[in-house]
1. Can you compute the FRET efficiency between A:Lys24 and B:Ile138 using 1/(1 + (r/R0)^6), with r the Cβ-Cβ distance and R0 = 25 Å? Round to the nearest 0.05.
2. Count neighbours as other Cβ atoms within 10 Å of each site's Cβ, and list the trypsin sites (Lys or Arg not before Pro) in region B:214-313 that are DSSP loop with at most 13 such neighbours.
3. What residue among A:Ala158, A:Ala227, A:Ala63 has the largest mean-square fluctuation in a Gaussian network model of chain A, using Cα springs under 10 Å?
4. Enter the mean number of other protein chain beta carbons within 10 Å of the beta carbon of each residue in B:147-156, as an integer.
5. Quick one: dipole size for region B:195-265, taken about the Cα centre, charges +1 on Lys/Arg Cβ and -1 on Asp/Glu Cβ, in debye to the nearest 20.
6. In straight Cα distance, which lysines are under 21 Å from B:Lys60, not counting same-chain residues fewer than 8 positions off?
7. For chain A, set up a GNM with springs between Cα atoms under 10 Å and report which of A:Ile156, A:Ile86, A:Ile58 has the largest fluctuation.
8. Which listed residue (B:Ala157, A:Val33, B:Met1) has the Cα farthest towards the positive end of the charge dipole for the protein assembly as shown, taking +1 on Lys and Arg C-beta and -1 on Asp and Glu C-beta about the Cα centre?
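Please treat every number below as a calculation from the coordinates, not as lab data. All of these numbers come straight from a predicted model, not from anything done at the bench. Cβ: placed from backbone, ideal geometry, glycine included. Neighbour counts: every protein chain shown.
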Amino acid sequence: MATSDLVLENAQPQLSWRGRLAEKRLPWIPIAVLLVLLACAAFAHWLAPHDPTSLNVINSKLAPFESREHLLGTDVLGRDMLSRLIYGARTTVQISVTALALGAVIGTVIGLVSGYWGSWADAVLMRITDAALGFPTILLALVVVVIMNPGPPAIILAVLLTVWARFARMIRGDVLTVKGYDFVTLARITGVKAPIILWRHIFPNVANTLMVITSLMVGQIILLEAALSFLGLGLSPGAPAWGIMVAEGQEVILDVWWLSLFPGVAITVVVLAFNFFGDWLRDYLDPKLRRAR
Amino acid sequence: MTVYIARRLLEGFVTLVALSFVVFGSVHLTGDPARFLLPISNDHDEAVYEAQKKAYGLDKPFIIQYANFLYKAVQLDFGNSFTARRPVREILLERIPATVHLALSGMVLAIVIGVPLGIISAVKRDTILDRVCKTFAIFGMAAPQFWVAIMLIIVLAGYLDLLPAYGRGDTQGWLPEWSQIPDMIRHLILPAFVLALAIIAAIMRLARSAMLEVLDSDYVKFAQVKGMSDRVVIWKHAARNALIPVITFGGISLAGLLNGSVVVEVVFAWPGVGLMLLEGVLSNNFPQVEGAIMVSGAAYILTALIVDIMYGYADPRVRPN
């Protein structure tokens with residue numbers, strides 16, 4: 001009896017939900033980091049022990065773990081580092097998500113149109129895309145800041161201008177392949193209108209690529225946003241943003257080293273997490289894109 | 001090939017003109033340079049304002065001003081810097097050598113460190129050395145440049161006092177005196193390394209995966225079976241082929257280096273074009289911004305152009321048709 005059960009089980013290897021989950025090899029550590037980031041961004045006002053901008057000169061320059069009130073210490077003006085880090089997560093998420101979402105939508109639409117229509121529309125759009133790709137990012141961002149004055153909208157626009165072209169390029173390439181498939185030709189023959197073909201038949205087939213590029217771009221966008229904040233092109237000085245915090249620490253590096261250390265670690269860890277997650281997603285969704293080890 | 005070069009030249013030229021239009025146009029959108037130059041107490045004196053406008057040619061129509069700007073830009077004449085009160089051209093000529101030194105040193109470091117590490121990492125695959133290299137590559141791509149720079153300054157310049165923390169030392173212009181060379185190199189090490197970090201990581205990954213592929217090929221196995229020494233097989237037979245993608249990438253990233261240097265120049269107070277650009281942006285110093293952007297943009301476009309053309313010669317597949 002027992003043996004026959006065993007044979008049956010082997011013949012039909014039905015995995016439990018645990019087994020199926022294990023088979024996906026989800027990157028748990030990066031996912032945990034990203035969840036913490038999102039939680040900090042969403043609930044900064046509950047999680048942060050102090051107001052990130054309230055000054056407290058008596059308790060300034062406290063070292064990390066020196067006082068139980070301020071776990072990661074305080075900066076030159078006595079502001080609580082932990083609270084500033086938590087609110088910094090909110091800034092990072094706000095700016096990156098906005099820029100990324102806008103870039104993804106604009107880039108995808110341009111890629112779809114360019115790839116599907118071809119001819120002169122494709123030629124013109126791809127020339128513009130090439131020009132945008134061939135432009136150094138920081139330089140472009142500085143031009144934007146000259147026009148708009150420093151601030152979050154300037155940073156978002158600067159990031160957006162460099163991001164959309166990458167989406168347009170990749171999506172267009174995918175559309176060119178999908179366009180040749182029989183089901184698209186059949187839809188066209190039966191008289192389905194172009195916007196519906198694009199939305200119903202082509203878009204679902206490029207959605208995987210879209211997700212993979214999005215997740216791989218996040219890390220780069222966070223780095224760019226941090227660099228622009230560091231250069232003083234983003235939020236006003238004193239605002240809780242990781243790039244600004246590193247810059248504030250630079251003025252007193254030998255005296256109060258932890259001011260620059262913690263925000264930098266936060267940026268690195270978050271970017272690492274997104275990179276790992278993006279790599280996993282690419283391998284999981286699209287084995288064709290897999291790089292050589 | 002001639003057609004290809006002609007097309008790339010035309011493309012580069014069009015991009016450059018587009019850049020000049022955007023830069024000039026944006027300065028005009030942001031406000032009125034003539035009003036900015038007025039002393040604050042005189043804010044309402046219209047006669048002074050009109051005179052100021054006339055003096056800088058700001059009363060003429062936009063298109064004439066733009067043509068004027070282009071004509072002068074070709075001669076690197078961008079007018080006087082508002083803050084330094086001297087020609088932008090003079091400042092540019094002082095700053096360009098510093099940025100070129102930095103970018104070239106960064107490139108050399110990236111190749112000298114990245115290529116051998118990538119090859120060794122592939123040859124000693126799955127050893128501790130390989131793991132260390134891989135970890136370094138992953139962190140090199142994720143850590144923000146400006147932060148790595150500050151950490152290195154704290155440790156190497158602050159606590160250990162091994163290297164200078166900022167500036168270019170006594171070096172000025174293109175070539176310093178012989179006696180100043182050690183000082184110049186000491187000042188270059190940290191900024192060049194930070195500038196190169198992300199490229200070192202990328203080159204290492206690229207060299208490693210290319211090398212792994214080549215090591216797996218028949219001709220390398222044959223050379224090994226024939227009894228050639230490992231050293232000859234790896235460095236003479238395999239590495240040469242593995243380096244083709246690395247060279248392409250190196251060319252592209254050199255163009256990027258010229259501009260990626262804004263952040264590094266700011267952290268290390270390196271007196272280059274990038275620092276000049278940021279100072280100009282933060283103080284609404286329009287002539288300085290125009291000059292710095294046009295020069296870096298032109299350098300970027302030109303480098304990318306040269307790399308593309310050279311690559312067209314090296315690899316026939318890139319040429320159109």
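1. Values: r = 22 Å, r/R0 = 0.87.
Working from the Cβ atoms, E equals 0.70.
2. Numbers: sites: B:Lys221, B:Lys226, B:Arg231, B:Lys236, B:Arg240; in loops: B:Lys226.
Sparse-neighbourhood loop trypsin sites (Lys or Arg not before Pro): B:Lys226.
3. With Cα springs under 10 Å in chain A, the top fluctuation among A:Ala158, A:Ala227, A:Ala63 is at A:Ala63.
4. Across B:147-156, the average partner-chain Cβ count within 10 Å equals 5.
5. Values: 7 positive and 5 negative charges, 51 e Å.
Computed charge dipole of region B:195-265: roughly 240 debye.
6. Counting by Cα, and skipping residues close in sequence, B:Lys60 has these lysines nearby: B:Lys72.
7. A:Ile58
8. Value computed over the given set: B:Met1.
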